[in-house]
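The values are calculated or read from the model by the stated rules, or taken from the named source; none is laboratory data. A quick note: this is a predicted structure, and the numbers were derived from the prediction, not measured. Glycine gets a Cβ as well: all are built from the backbone with ideal geometry, and neighbour counts include every protein chain shown.
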Amino acid sequence: MPDVIVVGAGAAGLMAAGTAAYRGLDVWLVEKNSKPGKKLQITGKGRCNLTNDCTVQEFLENVPTNPRFLYGALTRFSPADTKTFFEGLGVPLKTERGRRVFPQSDQAEDVVKALTGWVESGGVSIVRGSVCRLLTRAGKAAGVQLTDGRRIEAHQVILCCGGASYPATGSTGAGFQIAQQAGHTIRPLCPSLVPLNCAGEDCGLMAGLTLRNVACKFYDCVKKKVIHEEFGEMSFRPFGVGGPIILSGSAHLRNMSVGRYRIDVDLKPALSPEKLDARLVRDLQERSNQTIVHSLPALLPRQMIHAAVYRSGIPPQTRCGEITREQRRVFGKLLKQFSFTVTGFRPLKEAIVTSGGVAVNEISPQTMQSKIISGLYIAGEMLDVDAYTGGYNLQIAFSTGRLAGENVQVRE
């Protein structure tokens, strides 16, 4: 009988299993997929943004949900510790814009191989199977039951089953059911770092178009204020918008309801309104005999021209030389504030991160042990903590997994 069973071979599970094994415990790691680290393989678009090169305090400022709960875990295993850990495993790292840390190879596979090799070298036994229930005895964890009927007894269990996003990688949300059966409260699950549905037909007409170097403001129509700003790349989909700055901004949209949030896109952030107007004057004069819809390729992507002209109210066949000063003003304002009304999140299965999960007031922040079931530990995305994009969520998995692995007890 093993000392510890770790359920789930993702970022948190691999870190927890390896940490416990190197302390001398007999560890079995149960994983439903044929290989460990399947979700890790696709993080950061396959490049694996494994942490953010910041201080613990700066890190916590990027965690909107229950940041104080993570203080102990991050202090014990900080972003700097994560960098040292992976470089010690032979994975050279680099830091990019936004302090995002990646392997120099830009290959998530290198991170997965290093972490898996470390776990296997520590003597962890990897068991293929899907856990459906926690076994308990007298209020203590006593092992797990698998869907094929097998029962594996152990003195302690660490649940690292992931959230409910990207179910094809094994994150089906089954871990929440296991925790709930054991008596834990599950906070409502919702998507975070996810594309957004938008009203109207514009997005569908522009589907496939990617805009780079644009500025986005996310406006809360209830609170009547800008709640987040981003600069970078976004894209249009048949249903709405996606891309890096949309995913990042989505984490700030709480208590979603149809029409509550608006996205204002500045298509020309490098130009002030005055300079943009001067640019429009020049372009319209140079193409005075052309219609407005045929005169804008130098200013806008072709897929966007018809939507922009339609929104401006200028008849499409109007010649540039006939456009009035007021029409030009309206068009310039449109380019500085091309707005979309958000109607909702895309489904949870399309999200990078699951918001919600096991209530953290039922977990010890010093050890990751359950306050309800002795010998049960919970780490990673199962916990009701989530952060913005930029390597923060993987760091949470590493830090909480590490803390759980450090605190499971050595059997006497």
Exercise. Of all strands (runs of 3 or more DSSP E) completely enclosed by segment 50-167, which ones contain at least 1 residues that are surrounded by 16 or more Cβ atoms within 10 Å (Cβ to Cβ) and under 22 Å from the mean Cα position of the chain (by Cα)?
Worked result: 93-96, 100-103, 156-159
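Only one of GLY37, GLY46 is crowded, with 17+ Cβ neighbours inside 10 Å and on the phi > 0 side of the Ramachandran plot. Can you tell me which?
Working: GLY46 fails: crowded, with 17+ Cβ neighbours inside 10 Å.
Within the list GLY37, GLY46, the selection yields GLY37.
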For this session: Evaluate the following for VAL353: is it closer than 22 Å to VAL112 by Cα, under 12 Å from the mean Cα position of the chain (by Cα) and buried (at least 21 other Cβ atoms within 10 Å of the Cβ)?
Result: yes
Problem set entry | Identity of the residue in segment 208-247, in contact (Cβ under 8 Å) with a residue 24 or more places away in the chain and basic (Lys, Arg), that ends up nearest to ALA270 (Cα to Cα) | LYS217
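Here's the yes/no breakdown for (1) under 30 Å from TYR388 (Cα atoms); (2) free of Cβ contacts under 8 Å to residues at least 40 places away in the same chain; (3) in contact with a Leu (Cβ under 8 Å, 6 or more places away or on another chain):
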position: ALA251; (1), (2), (3): yes, no, yes
position: PRO269; (1), (2), (3): yes, no, no
position: PRO273; (1), (2), (3): no, no, no
position: LEU284; (1), (2), (3): no, no, no
position: ALA298; (1), (2), (3): no, yes, no
position: GLN303; (1), (2), (3): no, no, yes
position: HIS306; (1), (2), (3): no, no, yes
position: GLN327; (1), (2), (3): no, yes, no
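If you scan segment 216-259, which residues turn out to be among the hydroxyl-bearing types (Ser, Thr, Tyr) and within 16 Å of VAL353 (Cα to Cα)?
Step one: of segment 216-259, the residues among the hydroxyl-bearing types (Ser, Thr, Tyr) are 219, 235, 248, 250, 257.
Answer for segment 216-259, where residues must be among the hydroxyl-bearing types (Ser, Thr, Tyr) and within 16 Å of VAL353 (Cα to Cα): SER248, SER250.
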Problem set entry | When residues of segment 236-256 are limited to those that are surrounded by fewer than 24 Cβ atoms within 10 Å (Cβ to Cβ) and within 20 Å of TYR392 (Cβ to Cβ), the one modelled with the highest pLDDT | GLY242
Seminar exercise, completed: Flagged pairs (Cβ under 6 angstrom, 6 or more apart or on separate chains; first in segment 335-350, among the small types (Gly, Ala, Ser); second modelled with pLDDT of 95 or more and surrounded by 15 or more Cβ atoms within 10 Å (Cβ to Cβ)) are SER339/ARG262; SER339/ASP264; GLY344/ASN197
For this session: Scan segment 259-269 residue by residue and report those that are of a type outside the set (Ser, Thr, Tyr) and at pLDDT 95 or above.
Result: ARG260, ARG262, ILE263, ASP264, VAL265, ASP266, LEU267, LYS268, PRO269
